[in-house]
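The values are calculated or read from the model by the stated rules, or taken from the named source; none is laboratory data. The structure displayed is predicted, hence computed values, not measured ones. Here the Cβ positions follow ideal geometry from the backbone for every residue, glycine too, while neighbour counts run over all protein chains shown.
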Amino acid sequence: MLIETASGRRRLFRKGDAYHPSREGGKTHPDPEEMPTGYEELLTWYGEWSSAEASSAAERDPLLSLYGSGNRLWTDEHADAYVRRLREGWE
């Protein structure tokens with residue numbers, strides 16, 4: 001459930017964090033029934049926070065932000081034909 005963000009610092013796992021494949025489907029956050037009384041609001045906040053962070057992570061990713069940026073280069077040409085044209089004259 002915890003992930004180390006820096007030496008001595010940990011937080012709850014959130015969607016988008018790296019994990020070992022053998023942990024697929026494992027527990028990522030505490031069950032409300034297992035928590036002491038009075039912490040339900042904290043768990044609700046965590047759920048909202050982790051969802052917002054996971055969705056904004058894709059927006060901040062420099063490679064994912066390039067998606068579709070070059071499509072105007074070959075809008076009227078098939079991608080294979082575009083690459084073939086670029087490679088003309090290569091030796």
Original post:
Which residue out of Gly26, Gly16, Gly38 is surrounded by 10 or more Cβ atoms within 10 Å (Cβ to Cβ), free of Cβ contacts under 8 Å to residues at least 40 places away in the same chain and small (Gly, Ala, Ser)?
Top reply: Gly26
Subject >> Breaking point among (1) surrounded by 10 or more Cβ atoms within 10 Å (Cβ to Cβ); (2) modelled with pLDDT of 80 or more; (3) of a type in the set (Gly, Ala, Ser), for Ser55 >> reply: (2)
Original post:
How many residues does segment 3-12 hold that are touching a Lys or Arg at 6+ places or on another chain (Cβ under 9 Å) and either surrounded by 10 or more Cβ atoms within 10 Å (Cβ to Cβ) or assigned to a loop (DSSP other than H, G, I, E, B) (or both)?
Top reply: 2
**OP:** Count, please, the residues in segment 58-91 that happen to be assigned to a helix (DSSP H, G or I), exposed (fewer than 10 other Cβ atoms within 10 Å of the Cβ) and modelled with pLDDT under 80.
**Re:** 5
Original post:
Out of curiosity, is Gly25 modelled with pLDDT of 80 or more and on the phi > 0 side of the Ramachandran plot?
Top reply: yes
Original post:
What residue, among those in segment 1-43 that are under 16 Å from the mean Cα position of the chain (by Cα) and acidic (Asp, Glu), is farthest from Leu64 (Cα to Cα)?
Top reply: Glu24
